[in-house]
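J.: My questions will all concern the structure given below.
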Amino acid sequence: MSASTLSTRELYDRYVIPTYGRFDLQLARGEGSYVWDEASKRYLDFGAGIAVTSVGHCHPRVVRVMCEQMASLVHTSNLYYTRPQAVLAERLVNCVGAPGKVFFCNSGAEANEALYKLARKFGNEGEPPAARHSVGEMIEPCSSRHEIITMLGSFHGRTLAGIAATGQEKVKKGFEPMVQGFTYVPFNDSPALLAAVQEPGTVAILLEPVQGERGIYIADADFLRQARGLCDRHNLLLMFDEVQCGLGRTGDWCGWKSILGTDEVLPDAISWAKGIAGGFPLGAIWVSDRLVHLKGGATLPLCDLLGPGSHGTTFGGTPLVSTGANEVLSIIEEEGMLENARVMGAYAKAAIEKLESPLIKEVRGIGLLLAFELADDFAERVAVPKGQTAALYLVNALHEAGLLSVPSGAQAVRWLPPLNVSQSEIDEAVAILSSVLLSPS
């Protein structure tokens, strides 16, 4: 078969299903915090594949170990034991700092699917507490606990259950009827969470410690404590979606620990993906070893509830991708990237605020998970073309100036640089942003 004479864009237009609203950039290579397009134009990459390339593009240590593993063993399926996966599981359990076990998959959406199934299994086979209508008034336990409470503004993936779990109507349109079993409450609203938990049939609470896709909204420490307390009192699972905020992005291995500053809150399960393998497709969940009392009277650790035949994946945790993930996590630890995320994140946030641009309403963030909200009248001030959001307009302008950023909704722009980003690179990004804001059209 001869090489195509069509351009990359033409090949996409002809052969790739248009599920993405892609920017008109044809990227060809990357190194560190930079990428180059097919015309050799260089861009500072503050999107990092949407918080994925956590140690930058083509880190030499990752390239080396992946090449070595490719020459040794790439794939066997999960019918067999392979050491890279086992070592990675141990490392992830240590990142949480509490006993438990890990399941590997291929993406954040798949990791969250595993959480939904864990909750359903827990609801169907675990012994529920008696529900209360009011203080002192008992009723029979609900026979089918399966309702999961999630947050308005959340994002949990694009599978059918993922969009049902997501607290945003825009992802649901055209895919009705929704998968049943999800209830939504406002983020950081403890009274609303309490009211929802009291509904019969509730089995779990699922939340992102930092809502990323919405535009970087951080959970209040007290909200996380309230959620843990409610789950303890009602025998529910507390599950954290750390797909975007986990494994270093906030300056800690666990995003919720960056918020609380302590280990006082421990979830029952966590989902990860994105930065876990620095660009290779990998997702995972951690499940605690808390004991589950089964309806038949037996007990077993929660992390053993999904037993043989209950869940699976062909590609999850291959020797190749596990080797890459082990090296990525080693690099983050050995090269001081957790501290760098904390320090450089605070520096970047302060630098954007120092611009004092009337076009920026607010800067939010924790570690290197940052967003700036554009002014309510941004579209009017800069004459944004009809049908284009303020965020999309600004991101395109930043692209023209050589900076990759990620839009969040209609009014916010995310910065998600590699965890080893330098101060000079942040200064470069802020200078580009400043120049674009001064002459946005």
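J.: Applying the selection to the stretch 275-310, what residues are more than 19 Å from Val203 (Cα to Cα) and either of a type in the set (Phe, Trp, Tyr) or in contact (Cβ under 8 Å) with a residue 40 or more places away in the chain (or both)?
T.: Residues satisfying the conditions are Gly275, Ile276, Ala277, Gly278, Gly279, Phe280, Pro281, Leu282, Gly283, Ala284.
J.: Of all the residues that make up the stretch 337-374, how many are farther than 23 Å from Ser422 by Cα and over 26 Å from the mean Cα position of the chain (by Cα)?
T.: Total meeting the criteria: 3.
J.: If you check Ser405 against the conditions, is it touching a residue at least 24 places away in the same chain (Cβ under 8 Å), among the polar types (S, T, N, Q) and within 19 Å of Leu368 (Cα to Cα)?
T.: Yes; evaluated as a whole, the condition is true for this residue.
J.: Given the options Thr323, Thr314, name the one that is buried (at least 22 other Cβ atoms within 10 Å of the Cβ) and more than 20 Å from the chain's Cα centre (by Cα).
T.: Thr323
J.: Going residue by residue through the stretch 398-407, is there one that turns out to be at negative phi and at pLDDT below 95?
T.: no
Per-residue answers, yes or no, for (1) closer than 24 Å to Tyr217 by Cα; (2) surrounded by fewer than 21 Cβ atoms within 10 Å (Cβ to Cβ); (3) assigned by TED's automatic domain parsing to the domain that holds Ser77:
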residue: Arg290; (1), (2), (3): no, yes, yes
residue: Gly296; (1), (2), (3): no, yes, yes
residue: Pro301; (1), (2), (3): no, yes, yes
residue: Pro308; (1), (2), (3): no, yes, yes
residue: Gly345; (1), (2), (3): yes, no, no
residue: Ala348; (1), (2), (3): yes, no, no
residue: Leu359; (1), (2), (3): yes, yes, no
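J.: Okay, moving on. So which residues in the stretch 308-361 are among the hydrophobic types (A, V, I, L, M, F, W, C), touching a strand residue (DSSP E or B) at 6+ places or on another chain (Cβ under 6 Å) and under 23 Å from Pro281 (Cβ atoms)?
T.: Residues satisfying the conditions are Val321, Val328.
J.: Now for a different question. Of the numbered conditions (1) buried (at least 24 other Cβ atoms within 10 Å of the Cβ); (2) in the same structural domain as Gly126 (by TED's automatic domain parsing), Leu368 fails exactly one; give the number of that condition.
T.: (2)
J.: For Asp189, are the conditions met, namely being in the same structural domain as Gly283 (by TED's automatic domain parsing) and more than 21 Å from Gly365 (Cβ to Cβ)? Reasoning before the result, please.
T.: On the way: in the same structural domain as Gly283 (by TED's automatic domain parsing): yes; more than 21 Å from Gly365 (Cβ to Cβ): yes.
For Asp189, the condition - in the same structural domain as Gly283 (by TED's automatic domain parsing) and more than 21 Å from Gly365 (Cβ to Cβ) - is met.
J.: Let me confirm something: among Leu374, Leu369, Leu392, which residue is touching a helix residue (DSSP H, G or I) at 6+ places or on another chain (Cβ under 6 Å) and among the aliphatic types (A, V, I, L, M)?
T.: Of the residues listed, the single one that is touching a helix residue (DSSP H, G or I) at 6+ places or on another chain (Cβ under 6 Å) and among the aliphatic types (A, V, I, L, M) is Leu374.
J.: When you check Asp232 against the structure, is it buried (at least 24 other Cβ atoms within 10 Å of the Cβ), more than 21 Å from Gly317 (Cα to Cα) and either assigned by TED's automatic domain parsing to the domain that holds Val74 or aliphatic (A, V, I, L, M) (or both), yes or no?
T.: Judged against the criteria, Asp232 is not a match.
The values are calculated or read from the model by the stated rules, or taken from the named source; none is laboratory data. Note that this is a predicted model, so its numbers are computed, not measured. Don't worry about glycine lacking a Cβ; one is built from the backbone with ideal geometry, like all the others, and counts go over all protein chains shown.
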